[in-house]
Amino acid sequence: MRWQAGNSLSHSWDEGRRRDWQHWAINQITEADFVVIVASPACREVGDGTYRATDRGGIRSELDIIRNILHQHPKWQDYLLPVVLPGESIDNLPLFLRPQTVDHFLIKETHHGRRQRTRRGDA
């Protein structure tokens, strides 16, 4: 994942060297100004502990880090930005993010076909 502008997180490193992705994820998550969590069926299942397959190690690891930080520092929720993209549902955010009781961000299609950010509760 890479943002097109500004400081961004990237799932790539210099090739040729073996990396510890867990350490990388901890550093990226704890050093970021904000952490975006995008709603998806896999995100919900992994975050809620109902995903039974053995793949998706990255998201399992990252959501575990976030849950652990929240357990120690509940106010850290202010740095989490749960996002619901067009065609997705708030129901696909993990329950530990409290999608029904804490703000989340809906991305809607505008009449011009561009995406628009709307915080829950905004018109």
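The values are calculated or read from the model by the stated rules, or taken from the named source; none is laboratory data. On a predicted model such as this, the values are computed, not experimentally measured, just so you know. FYI the Cβ positions are ideal-geometry reconstructions off the backbone, even for glycines, and counts take in every protein chain you see. Surface areas here come from the heavy atoms of the whole protein model, side chains and all, with no ligands, DNA or RNA. Shrake-Rupley method; radii C 1.70, N 1.55, O 1.52, S 1.80 Å.
I need the full set of residues from the range 41-57 which are surrounded by fewer than 17 Cβ atoms within 10 Å (Cβ to Cβ) and touching a residue at least 40 places away in the same chain (Cβ under 8 Å), in order please. I'd like the intermediate steps shown before the answer.
Initial filter on the range 41-57 (surrounded by fewer than 17 Cβ atoms within 10 Å (Cβ to Cβ)): 41-42, 48-50, 52-57.
Correct list: P41, D48.
Can you name the residue in the range 59-89 that is over 18 Å from E31 (Cα atoms) and either in contact with a His (Cβ under 9 Å, 6 or more places away or on another chain) or not in a helix (DSSP H, G or I) (or both) and is also most open to solvent (accessible area, probe 1.4 Å) among such residues?
G87
Provide a single number: the residues in the range 90-108 that are polar (S, T, N, Q) and assigned to a loop (DSSP other than H, G, I, E, B). Reasoning before the result, please.
Going through the range 90-108, the residues polar (S, T, N, Q) turn out to be 92, 100-101.
Pick out the ones that are also assigned to a loop (DSSP other than H, G, I, E, B) and you get 100-101.
Summing the residues that are polar (S, T, N, Q) and assigned to a loop (DSSP other than H, G, I, E, B) in the range 90-108 gives 2.
Being in contact with a Leu (Cβ under 8 Å, 6 or more places away or on another chain) and open to solvent by less than 50 Å² (accessible area, probe 1.4 Å) is the filter; apply it to the range 97-123 and report the residue that is modelled with the lowest pLDDT.
T118
Which ones in the range 26-58 are assigned to a helix (DSSP H, G or I) and over 21 Å from Q100 (Cβ atoms)?
Taking the range 26-58 as the starting set, the residues that turn out to be assigned to a helix (DSSP H, G or I) are 26-31, 41-48, 57-58.
Result: I26, N27, Q28, I29, T30, E31, G57, G58.
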